[in-house]
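First the structure, in the form of structure tokens, and then the observations on it.
The values are calculated or read from the model by the stated rules, or taken from the named source; none is laboratory data. No experiment lies behind these values; they were computed from the predicted model shown. Don't worry about glycine lacking a Cβ; one is built from the backbone with ideal geometry, like all the others, and counts go over all protein chains shown.
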Amino acid sequence: MRFGECGFARERNGDVTPTDKGIYFLAQRIDMNLSYKNFLATLPAVVLYVLACVTPAVDTWSTNNHEAFDMYGFMMLIAGPLGLFSGHIGWLANPLMFVVAFFLISSRYRCAGILCAVALVLALTAPFTLKMNPLPANEGGVGELRLRSLDLGFYLWISSIVALGVAIIVRFRLAASPDDATNRASSGSASPTAR
């Protein structure tokens, strides 16, 4: 059975049990050689993401005490779900990136590519929503944290999503190229235009 086809393990009498379906599905969907190379392809994005978490992401100004405040990436990551209540949907790119990485590792390039594009669009909405709808400065909602500027952590976060997209394109092209060469050789034509 080719990689990527859905099939189920059969017992000797031809019946399929539910546990066999699940085990066979997991074993066949992730080809160990491809998943290892795909895992390595995600490493630049992981490094950029970790760097984004440990560097300042946004520079804010508090209307409560009139002080500047740098928010690091990990602070934005932790507080991000609370921002969903005030319309900050850019944070949703974070869990979506993990889904994209899973699809990339399991060689589901088209799904990974589509979700990576969605994650990038969501991430790019973050500066606009921060500018239009400032974050609350404290739990009482007394002041606001207004965006002054985007810092290095934000750009590293965006570049980690772009790095995932580049990894998807590269792995998709590398996975497609042997099939194209095999199809041309089996059709008997030396070039694709020689029909």
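Table for the structure above
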| item | result |
| --- | --- |
| Number of positions in the range 126-144 that are β-branched (Val, Ile, Thr) and under 14 Å from Val58 (Cβ atoms) | 1 |
| Residue within the range 154-176 that is in a loop (DSSP other than H, G, I, E, B) and farther than 18 Å from Ile89 by Cβ present | no |
| Residue count for the range 128-140, restricted to those that are surrounded by 16 or more Cβ atoms within 10 Å (Cβ to Cβ) and in a helix (DSSP H, G or I) | 2 |
| Selection count, the range 166-182, where residues are modelled with pLDDT of 60 or more and either closer than 20 Å to Val46 by Cβ or of a type in the set (Ser, Thr, Tyr) (or both) | 9 |
| Positions within the range 74-93 being in contact (Cβ under 8 Å) with a residue 40 or more places away in the chain and farther than 20 Å from Asp151 by Cα, in sequence order | Ser86, Gly87 |
| Top-ranked residue in the range 64-89 [being within 14 Å of Thr129 (Cα to Cα) and small (Gly, Ala, Ser); ranked as surrounded by the most Cβ atoms within 10 Å (Cβ to Cβ)] | Gly83 |
| Verdict on Gly113 being in contact with a strand residue (DSSP E or B) (Cβ under 6 Å, 6 or more places away or on another chain), at pLDDT 90 or above and on the phi < 0 side of the Ramachandran plot | no |
